[in-house]
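Structure, as structure tokens:
The values are calculated or read from the model by the stated rules, or taken from the named source; none is laboratory data. Since the model is a prediction, treat every value here as computed from it, not as a measurement. Here Cβ is always computed from backbone atoms with ideal geometry, including for glycine, and neighbour counts include all displayed protein chains. Please note that ligands, DNA and RNA were not included when accessible areas were found on the heavy atoms of the full protein model with its side chains. Shrake-Rupley method; radii C 1.70, N 1.55, O 1.52, S 1.80 Å.
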Amino acid sequence: MDEKYFAKKIESKWQKKWAADGTFEAEVDDAKPKFYQLEMLPYPSGNLHMGHVRNYSVGDAVAWYKRLKGFNVLHPIGWDSFGQPAEDAAIKRGVNPREWTEDNIRSMRGQLERLGLSYDWRRQMAAHRPEYYKFDQWFFLKMHEMGLAYKKKTQVNWCETDQATLSNEQASGGICWRCGNPVTKKDLEQWFLKTTAYADRLLDDASEIEAGWPASVMKRQRDWIGRSTGAFVDFTIAESDVHTTDSGDNDDSPSGRKPEFVRVFTTRIDTIYGVNAIVVAAEHPLVMRHISLMPEDVLAKIQQIRAEQMNPTDHETEAIKDGIDTGLRAINPFSGDDVPVWVGNYVMMNYGTGAVMSVPGHDERDFEFARKFGLPIERVIQPRIDAEQRGSEGEENSALESAFTEYGVLVNSGEWNGKTSDDAKREMTEFAANHGFGEAATTYRLRDWGISRQRFWGSPIPIIYCDTCGTVPEKYENLPVELPDTAPFTGTGESPLAKVPEFYETKCPNCNEPARRETDTMDTFVDSSWYYFRYLDPNNTEVPFDTEKAAYWTPVDQYIGGDDHAVMHLIYTRFWTKVMKDLGLVDFDEPVKRLLTQGMVVGETFFDDSTGKRIYYPPSNVTVERDPKGKVVSVRSNDGKELKNAIERMSKSKGNGVDPDEMIDIYGADAARLFVLFAAPVDNELVWHEAGIEGAVRFLQRVWRFVWKWQNVSSVPPAVAGGVVAAMDVVRSETRDAPPATAGGTERARTLRMKTHQTIKRVDDNLGALQFNTPVAALMELSNAIYDIKVEPADASPDEIAAVREAVSALVLMLTPFAPHTAEELYANIVGNDNGILANGGRFPEYIEELSKASEIEIPVQVNGKLRSRIFAAPDADEDALQTMALADEKVREYTDGKEIVKVVVVPNRLVSVVVKG
RNA sequence: GCCGAGGUGGCGAAAUUGGCAGACGCACUAGACUUAGGAUCUAGCGUCGAAAGACGUGCGAGUUCGAGUCUCGCCCUCGGCACCA
């Protein structure tokens, strides 16, 4: 051990050692409890960024913590290596996507290794390798057999910038998930996975994982699935001689020919007597059927609305209601009234039935629409009112100032008057069903998952089109359908594979006649839906993974990643798991027991308002002026211009990115890791300040210096040579049996031991609760306490040496999850061998409660709620004793003398509160 | 607009869940050592005040011996969704 802390030297030493020893290689072992620690796998862009560093430092801390607690820990990593950037590189720079990807994986693996992350590298998977994507295809075929994979022509989300289709999840908010540009619509023939078939299970199984997942993620998933229960109701079209078997787009309708009708979905059938119109989407089949009879101006308006709905969503103009009366009329099956049929821009074809019953009295949108077009507004629900008010007649007919959307009691609703909304909903739905004009219904916001991508760099969809046999799945024994080495890359929206005859020309698996392969590839979110099962059995060539291995390791105990995947990846992977359960591959419904979403790492930049030029903060790029208290008064560029600050997501274009390699080079991996864990609570945003990482180095150096100073002393008793745990046993028996020391040095020893054991408990509790900033603070406090003992090794008494030795051993072991290289090196120094913490049987230090307690504790005394004094008492002193002491206290008496004591509240070990009067 | 999370020193944050607000770190101030310090060590660091002390967790009320924490009403910030019938 060197006297000085050289991060680079010890980091490379232990990284080599771990790799050579296979320290983090895990195997199934029924004798040990398992722990599957997983972090979201990176896309191999070529460079690690600070967000990765944070994500993987957190995961590594958990993995180490669990190892020290005696778990058999599986901690793998891999590569989400299919996807657009590789193809973009091919288009722009003519490189081969495979070589580009492999190069990036190589360099990023180097970066991960330099961080010293404790992965079992033997299990690495990469999505773009045939041995992996073979099983994407395998799953696709299984889902095809199960009827979960199907093809249909539909309007898809299309990103003009990326020239690519997007799933609904990827186009959330009308914005492309990758490039952030607005999304348009396009008609395409696409393969879909039937996620909607699992909508109920996705919702209902959520209760199993609720406790371990962030509430916000659960909520966003629920909102995304968007289940609403209500009813379909059919309104017959008046004076129409058209007959229909359904409302056009709905397969669930009753069979048999009936007069033309329009089917609406409503969650509020109890308001049906308040219907003033039927409003349908511009593309609704009803409109299509009657289009020839409509006047010019109506058609023009419908065209206009249709065009607006096709365009990228503009949230500014969206709120303005627009519509036109089609001239058709529909009959309300409950009241018998006939109402106009309108086209409205606020009704969307892709939700419910594309038609709504407009009830302006009790729906805000309908209210706004009715106001604008002067349609009648009637009250049919009245708030529940008290008995004495019930008689007042005016209520029922009073004009509505705004829509009343709550539940209440029905009025103006014929025979249903007086029913509550709840009762009416149930009874009216039944009534509609019995009379054949409606039924109970549930609709979802969730859509099926469109997985076709007109891209080269993805898993080919294993389907063959044959002129005689039609759409034919590839045979399992022919998997993988391999990508060609290269293709003509244009990025124009057609799959490059469609230009590679060697790829698409094939024989039909059925009839052996010439046939054509599907040339679209799968969405990369397919790869990430099941990758963590592949880690369990990465070399299996027959099936995705061995079910027995999965039975031991899965589900994932702890998953960590960014919350930008709250909807996309995490819904897909939950869906995939449920499919795997139905296939008999796993026996659980939910793949991830606990989920932690870490906050973003952001950078601070300063910019010149006039030019918009950004300057990244620390390395002497700017001059910071502060007042004597340290508050920033101004920041100037080196040429004297006043700058404004901005905290933004780190990115190349903003020039505020921080290169992990550079940080490792300057400060060391341990310091970088320690800092990201310490700087902020894990779910908060983290503003990267280089000064902070210097603080982390200082802490490590302090610990280092301390061990150096005490190293000769700490190896004195031969009994200690067996290791830290043994050392601590010795220390424990030395002091436990000894009478409580009272004088001089031994008092110091006792205080330090107390701090040591309090720290053990705090760090254990905090890590167990997935907090990382607070245990680091606790370790810093312990290090300060060791420092504060202020005894030179030569002058220390035996129990002081023992106490210091115990404190140092505990500190070093508990440092492992945060700064493993430093901890390993210090530990090696303490035990006198280089075998490593785990090989030596190092464990998380044991907490001994009795040692954590002070012999005397300070108890604050309040008089009338204000802190007036402190008394010292033995722990667990009884209430009477504390009260007597408190009332006898000189300072307390200043406030109580001559006054009446009304009440004394005593909280043992906490406080005494005296209430006086007069 | 709706939903969710949150507002604590100059900054990042703690606070045993109703019990000494500001632990720990950064920044800052003073001093020591030093040829030097962007190293290290010592001390200080919520506001006002010379001190005693008073005030202090977005604002206003309330419950309580006692409120950062609980209740009610406002204000603000950040995220998500955005006509979901």
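Do any helices (runs of 4 or more DSSP H) lying entirely in the range A:816-918 carry at least 2 residues that are within 23 Å of A:Ala777 (Cβ to Cβ), and which ones are they?
A:820-831
Taking interchain pairs and intrachain pairs at least six residues apart, which have beta carbon atoms under 7 angstrom, with the first residue in the range A:344-362 and farther than 18 Å from A:Thr405 by Cβ and the second open to solvent by less than 10 Å² (accessible area, probe 1.4 Å) and among the charged types (D, E, K, R)?
Within 7 Å, the pairs are A:Thr353/A:Arg263; A:Ala355/A:Arg263.
Can you find a residue in the range A:349-360 that is within 10 Å of RNA strand B (Cβ to nearest atom) and over 30 Å from A:Val183 (Cα atoms)?
The answer is yes; a qualifying residue exists.
Can you tell me which of (1) touching a residue at least 24 places away in the same chain (Cβ under 8 Å); (2) surrounded by 14 or more Cβ atoms within 10 Å (Cβ to Cβ); (3) under 35 Å from the mean Cα position of the chain (by Cα) is the one A:Glu846 doesn't meet?
(2)
For residues that are basic (Lys, Arg) and surrounded by 15 or more Cβ atoms within 10 Å (Cβ to Cβ), scanning just the range A:212-240, find the one that is farthest from A:Phe437 (Cα to Cα).
Per the criteria, the residue is A:Arg220.
Of all residues in the range A:11-51, how many are touching a Ser or Thr at 6+ places or on another chain (Cβ under 9 Å), of a type in the set (D, E, K, R) and surrounded by fewer than 21 Cβ atoms within 10 Å (Cβ to Cβ)?
Residues in the range A:11-51 being touching a Ser or Thr at 6+ places or on another chain (Cβ under 9 Å), of a type in the set (D, E, K, R) and surrounded by fewer than 21 Cβ atoms within 10 Å (Cβ to Cβ): 1 in total.
What are the residue pairs meeting all of these: first residue in the range A:580-598, first residue assigned to a strand (DSSP E or B), second residue open to solvent by less than 30 Å² (accessible area, probe 1.4 Å) and of a type in the set (D, E, K, R), Cβ atoms under 6 Å, and 6 or more apart or on different chains?
A:Lys593/A:Asp557; A:Gln598/A:Arg54
For the range A:470-480, indicate whether the set of residues that are farther than 30 Å from A:Lys185 by Cα, part of a strand (DSSP E or B) and of a type in the set (Asp, Glu) is non-empty.
no
Which members of the range A:623-673 meet the condition of being over 14 Å from A:Thr605 (Cα atoms), open to solvent by 80 Å² or more (accessible area, probe 1.4 Å) and of a type outside the set (A, V, I, L, M)?
Those that are over 14 Å from A:Thr605 (Cα atoms), open to solvent by 80 Å² or more (accessible area, probe 1.4 Å) and of a type outside the set (A, V, I, L, M): A:Glu625, A:Arg626, A:Pro628, A:Lys629, A:Lys631, A:Asn638, A:Asp639, A:Lys641, A:Glu662, A:Asp665.
Here are some residues: A:Ala819, A:Ala769. Which one is among the small types (Gly, Ala, Ser), within 30 Å of A:Asp557 (Cα to Cα), open to solvent by 20 Å² or more (accessible area, probe 1.4 Å) and under 32 Å from the mean Cα position of the chain (by Cα)?
Step by step, each of A:Ala819, A:Ala769 is checked, and only A:Ala769 is among the small types (Gly, Ala, Ser), within 30 Å of A:Asp557 (Cα to Cα), open to solvent by 20 Å² or more (accessible area, probe 1.4 Å) and under 32 Å from the mean Cα position of the chain (by Cα).
Test A:Glu856 against the stated conditions and say whether it is free of Cβ contacts under 8 Å to residues at least 60 places away in the same chain and open to solvent by 80 Å² or more (accessible area, probe 1.4 Å).
yes
Just one of A:Glu415, A:Glu439 is of a type outside the set (Gly, Ala, Ser), loosely packed, with under 15 Cβ neighbours inside 10 Å and out of contact with any Leu (no Cβ under 7 Å at 6 or more places or on another chain); which is it?
Testing whether each residue is of a type outside the set (Gly, Ala, Ser), loosely packed, with under 15 Cβ neighbours inside 10 Å and out of contact with any Leu (no Cβ under 7 Å at 6 or more places or on another chain) leaves just A:Glu415.
Every residue in the range A:741-766 that is surrounded by fewer than 20 Cβ atoms within 10 Å (Cβ to Cβ), among the aliphatic types (A, V, I, L, M) and either near RNA strand B (Cβ under 8 Å from one of its atoms) or within 19 Å of A:Ile848 (Cβ to Cβ) (or both), please.
A:Ala741, A:Met754
Where the second residue is not in a loop (DSSP other than H, G, I, E, B) and the first is aliphatic (A, V, I, L, M) and lies in the range A:529-551, which pairs have Cβ atoms under 6 Å and are six or more apart or on separate chains?
A:Leu536/A:Lys549; A:Leu536/A:Ala550; A:Leu536/A:Trp553
Which condition breaks for A:Glu401 when tested against (1) closer than 22 Å to A:Asp337 by Cβ; (2) in a loop (DSSP other than H, G, I, E, B)?
Failed condition: (1).
Just for the range A:171-211: of the residues that are of a type in the set (S, T, N, Q) and more than 13 Å from A:Phe575 (Cα to Cα), which one is surrounded by the fewest Cβ atoms within 10 Å (Cβ to Cβ)?
Applying the filter and picking the extreme gives A:Ser207.
Pull up the range A:786-800, narrow it to residues that are near RNA strand B (Cβ under 9 Å from one of its atoms) and without any contact (Cβ under 8 Å) to a residue 60 or more places away in the chain, then point me to the one that is least open to solvent (accessible area, probe 1.4 Å).
A:Asp788
For A:Arg384, are the conditions met, namely being of a type in the set (Lys, Arg), within 16 Å of RNA strand B (Cβ to nearest atom) and either modelled with pLDDT under 90 or surrounded by fewer than 18 Cβ atoms within 10 Å (Cβ to Cβ) (or both)?
Answer is no for this residue.
Which count do you get for residues in the range A:881-918 that are among the basic types (Lys, Arg) and either within 8 Å of RNA strand B (Cβ to nearest atom) or touching a Pro at 6+ places or on another chain (Cβ under 9 Å) (or both)?
3
If you go through the range A:538-556 one residue at a time, how many are open to solvent by less than 20 Å² (accessible area, probe 1.4 Å) and either in contact with a strand residue (DSSP E or B) (Cβ under 6 Å, 6 or more places away or on another chain) or over 22 Å from A:Lys66 (Cα atoms) (or both)?
Final tally of qualifying residues: 4.
From A:Leu838, A:Leu826, which residue is buried (at least 24 other Cβ atoms within 10 Å of the Cβ) and among the hydrophobic types (A, V, I, L, M, F, W, C)?
Exactly one of A:Leu838, A:Leu826 is buried (at least 24 other Cβ atoms within 10 Å of the Cβ) and among the hydrophobic types (A, V, I, L, M, F, W, C), namely A:Leu826.
Give just the number: which of (1) in contact with a Leu (Cβ under 8 Å, 6 or more places away or on another chain); (2) in a helix (DSSP H, G or I); (3) modelled with pLDDT of 95 or more does A:Thr577 not satisfy?
Against the list (1) in contact with a Leu (Cβ under 8 Å, 6 or more places away or on another chain); (2) in a helix (DSSP H, G or I); (3) modelled with pLDDT of 95 or more, A:Thr577 comes up short only on (1).
Would it be correct to say that A:Arg54 is crowded, with 18+ Cβ neighbours inside 10 Å, within 25 Å of the chain's Cα centre (by Cα) and farther than 25 Å from A:Thr573 by Cβ?
When the stated conditions are applied, A:Arg54 does not pass them.
What are the residues in the range A:627-678 that are within 16 Å of RNA strand B (Cβ to nearest atom), among the hydrophobic types (A, V, I, L, M, F, W, C) and part of a loop (DSSP other than H, G, I, E, B), if any?
A:Met650, A:Val658
Please go through the range A:37-67 and pick out each residue that is of a type in the set (S, T, N, Q) and in contact with an Asp or Glu (Cβ under 9 Å, 6 or more places away or on another chain).
A:Gln37, A:Asn47, A:Asn55 - these are the residues of the range A:37-67 that are of a type in the set (S, T, N, Q) and in contact with an Asp or Glu (Cβ under 9 Å, 6 or more places away or on another chain).
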